[in-house]
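Below you'll find the structure, written out as structure tokens, and then a few comments.
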Amino acid sequence: MYEYMEIADRLRDARLAAGFRSAAEAAASFGWTGSTYAAHENGTRGCKPADIKKYADAFQADPCFITFGTNTKNPVISGLSDGGLKEVITFVLSHEGAAAANPRDIADLVIDICDYVRQSGDGGLQNVVDFAFHRRAARSG
């Protein structure tokens, strides 16, 4: 009866990693039939490849992870090492504008800064972060 449980477990993990607290919340957000999605996630109904792709796209997950438990996507962000990425994230989160910023805006900013660091080194990061937070605050305010 629960032959699809491993896929279901990974589907649930992908949903949680995408920030959805429940299957119902995810289904409502994407316009899916709640009972069908819940059956896929609890393992009582198998997922077709098209379903897995749909869920992977929605949750920004690797469909190979959901299906087989392996990742094919390269986890490196903008060509930075883990140490460089930690530095950028710490720098952004310590900025005064981070407290009022939307988490998705912070994520976008981290990626933008990673691109900048990869291309030109870390000089001037404070100016880039100041500008980005002020621009985002002006757009939302």
Counted residues, the range 96-139 - those being in a helix (DSSP H, G or I), exposed (fewer than 12 other Cβ atoms within 10 Å of the Cβ) and modelled with pLDDT under 70: 5
Unique match (being at pLDDT 90 or above, open to solvent by less than 40 Å² (accessible area, probe 1.4 Å) and farther than 28 Å from residue 103 by Cβ) among 56, 39, 8: 39
Cross-chain or 6+ apart pairs with Cβ under 7 Å, the range 39-59 first and assigned to a helix (DSSP H, G or I), then of a type in the set (Asp, Glu) and open to solvent by 20 Å² or more (accessible area, probe 1.4 Å): 40/51
Selection count where residues are of a type in the set (Gly, Ala, Ser) and touching an Asp or Glu at 6+ places or on another chain (Cβ under 7 Å), scope the range 21-55: 1
Selection count where residues are surrounded by 14 or more Cβ atoms within 10 Å (Cβ to Cβ) and part of a helix (DSSP H, G or I), scope the range 11-23: 6
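The values are calculated or read from the model by the stated rules, or taken from the named source; none is laboratory data. Only a predicted model underlies this, so the values are computations on that prediction, with no experimental measurement involved. When we count neighbours, we look across all protein chains shown, and the Cβ atoms used for this are built from the backbone with ideal geometry, even at glycine. The protein model used for the area step is the full one, side chains on, heavy atoms only, and it has no ligands, DNA or RNA in it. Shrake-Rupley method; radii C 1.70, N 1.55, O 1.52, S 1.80 Å.
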